[in-house]
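Have a look at the structure below before the remarks.
The values are calculated or read from the model by the stated rules, or taken from the named source; none is laboratory data. The structure displayed is predicted, hence computed values, not measured ones. Cβ placement follows ideal geometry from the backbone for every residue including glycine, while neighbour counts extend to all protein chains displayed. The area values use the complete protein model at the heavy-atom level, side chains included, leaving out ligands, DNA and RNA. Shrake-Rupley method; radii C 1.70, N 1.55, O 1.52, S 1.80 Å.
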Amino acid sequence: MSGILFFLSLFLPTAAGYTLFFGESSMSLPERLIFSFTIGSALLSFYLFALLAGGIPVSVSSVAPFFLPFLIFGLLRRKGIKESVRAWSRPSISELAFRHKVLFSLFLSLIVWKLCYLIFMVWSIPTVFWDAYTLWNLKAKAIYFGNGALAAAQEGLFEGPYSHYPLNLPIMRAWTALFIGEWDDSFINLHSVVLYLCLLGLVFSFLSRKTGKLRAIILTYVISAIPVMTYNVLGGYADMAVGYYFLAANVMLYYWYKSGKTRLLIFLGILLSIAMFTKNEGTAIVFPALAITFFTALLQRRASWKNAAAGIALFLASTVLVSLWLKESQALQSILRISGVLDSSIAFHPEGLYPFVYYVFVSRSHNIFWLVVVIVLALKGKRAFGSDERLFFIPAVLSFCAVLFVFFFTPNVKWLINGTTINRTLLIVIPVLTLSLGLLLTPDAAEKSEARVML
């Protein structure tokens with residue numbers, strides 16, 4: 001019974017989110033489903049946060065108002081929903097040559113095996129990793145067992161130990177526990193696996209239409225095989241989650257740039273908000289990188305001043321969901337303190353160079369990912385600032401530079417030297433960088449005309 005309730009806890013926000021995405025012809029059905037779950041869960045997270053901040057107990061009666069508008073909207077447009085599902089063509093590898101089908105099946109099998117391994121491990125062990133135990137799951141337990149009482153009147157949310165840590169993961173894990181009716185680590189920690197599956201699904205779905213299915217599955221496997229990524233999922237940490245939201249927001253920015261639909265800017269703002277509500281790196285790394293990329297995209301589209309101003313206003317207004325948290329919590333002060341701005345401790349730390357090279361290129365934490373990055377940039381770097389490619393390359397470079405600043409120019413160099421956080425912080429950059437690499441590997445017109453079968 002708990003298993004059925006767990007899947008229902010995923011289905012409800014997905015169904016709510018899907019009412020916002022049907023008829024979005026620029027996206028494939030898998031992409032729409034992934035975005036539906038992500039946007040629906042993000043809105044649910046902020047809704048539950050509002051209940052907790054107001055000291056309102058979470059119950060069927062208090063949560064029902066969230067789903068009611070989506071239910072009404074879905075019923076009114078149910079014909080359009082059915083048509084959007086029927087219009088989807090199931091992906092096929094029939095156009096691939098036989099040897100390419102074999103390779104595709106091999107890499108797909110390896111990815112499925114990885115997912116099965118993660119599900120088995122998460123299902124088999126309790127919460128044992130430090131951050132998950134002391135931060136994310138502990139807060140989730142306070143929300144679940146206190147049923148909102150511990151969060152009333154700013155107590156437990158904005159004050160006390162670790163009050164500068166955002167609450168998206170604790171809220172969503174508490175949602176799972178509330179829905180299945182018990183605290184069971186086997187189900188609670190599967191939330192990280194679900195986000196990991198969304199990450200891989202979005203990478204493959206997006207790249208398969210841009211680079212071909214074989215290239216897409218290979219790059220999806222490359223990112224799935226990063227050891228520290230697997231460790232992050234098993235540990236229930238937040239870095240992979242922020243990296244996924246960064247990826248989703250960047251893809252949404254791309255679709256807005258291509259279509260010009262203003263509602264996609266609202267979705268972009270929601271994704272940015274949930275990234276900031278998941279970990280402070282969302283505010284320090286993700287938001288600046290995508291904000292600069294958004295302004296770059298505005299210049300590329302050569303919009304009128306009126307349309308540009310409206311786009312900027314909508315972009316900024318759509319991130320209002322996270323404003324209460326940033327205003328009331330200690331998150332911004334923590335970011336400024338870590339950055340070294342408050343105590344003027346910004347200085348270059350050359351002692352971090354050797355550890356950085358070791359942990360990125362020599363140790364097994366990232367497998368061969370960064371070697372692949374170097375090779376692809378050496379061969380295809382000239383294409384990095386093409387009209388499509390730069391929409392992913394610019395935020396990837398900006399976020400990577402932000403990570404370098406934190407570890408080379410602030411006292412946080414100590415966490416680089418001992419290897420505590422550098423590996424998992426780079427998980428924020430890796431998903432977007434993977435899409436950038438995929439677009440760089442897309443065959444140009446000349447290559448397509450010469451090749452009999454696209455890889």
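Once a ≥ b ≥ c are taken as the square roots of the eigenvalues of the Cα gyration tensor of the stretch 281-416, is the result rounded (a/c under 1.5), prolate (a/b larger than b/c) or oblate (a/b not larger than b/c)? Before the final figure, lay out each step's value.
Working: a/c = 2.50, a/b = 1.18, b/c = 2.13.
Oblate, since a/c reaches 1.5 and b/c is not below a/b.
Under 5 Å between amide hydrogens, which residues at least 5 positions from GLY419 or on another chain qualify, with H placed 1.01 Å from N in the peptide plane?
none
If amide H atoms are built 1.01 Å from N in the plane of the peptide, which residues on other chains or at least 5 residues away come under 5 Å of the amide H of THR410?
It is ALA347, by chain and number.
Relative contact order for the chain: what percent, with Cα pairs under 8 Å and sequence separation of 6 or more? Don't jump to the answer; show the numbers that get you there.
Numbers: 585 pairs, mean separation 82.8, N = 455.
That works out to 18 percent.
Per residue of the stretch 263-273, in order, report the coupling 6.51 cos²θ - 1.76 cosθ + 1.60 (Karplus, θ = phi - 60°) as ³J(HN,Hα) in whole Hz, putting x for Gly and Pro.
5, 5, 5, 5, 4, 4, x, 5, 5, 5, 4
At 7 Å along the Cα-to-beta-carbon direction for both SER105 and LEU324, put a label point, then send me their distance in nm to one decimal.
5.3
Applying the Karplus parametrisation 6.51 cos²θ - 1.76 cosθ + 1.60 with θ = phi - 60° to the phi angles of the stretch 279-285, what ³J(HN,Hα) value in whole Hz is obtained for each residue in order, glycine and proline being reported as x?
So the J values, rounded to whole Hz, are 7, 4, 4, x, 7, 7, 10.
Expressed as a whole percentage, what fraction of the accessible surface of the stretch 219-376 belongs to carbon and sulfur atoms when a 1.4 Å probe is rolled over the protein heavy atoms? It would help to have the intermediate numbers written out before the result.
Numbers: 4460 of 6570 Å².
Here carbon and sulfur together make up 68 percent of the probe-accessible area.
How would you order 117-126, 194-203 from highest to lowest mean count of nearby Cβ atoms within 10 Å? Kindly include the intermediate steps, with their values, before the conclusion.
Details: 117-126: 13.8, 194-203: 21.9.
Peptide ranking by packing, descending: 194-203, 117-126.
Please label the shape of the stretch 212-296 as rounded, prolate or oblate, based on the square roots a ≥ b ≥ c of the eigenvalues of the alpha-carbon gyration tensor (a/c under 1.5 means rounded; beyond that, a/b larger than b/c means prolate, else oblate).
Values: a/c = 2.50, a/b = 1.27, b/c = 1.97.
Cα axes put the stretch 212-296 in the oblate bin.
With a 10 Å radius around each residue's Cβ, average the other Cβ atoms per peptide and rank 346-356, 320-330, highest first. Don't skip to the end; give the middle numbers.
Values: 346-356: 13.4, 320-330: 16.8.
In descending order of packing, they fall as 320-330, 346-356.
As a check on your grasp of the helix formula, calculate [θ] at 222 nm for the chain: sum -39500 (n - 2.57) over DSSP H runs of n ≥ 4, divide by the residue count, round to the nearest 500. All intermediate terms of the calculation are to be shown ahead of the outcome.
On the way: 24 runs with 306 residues, N = 455.
Computed mean residue ellipticity for the chain: -21000 deg cm²/dmol.
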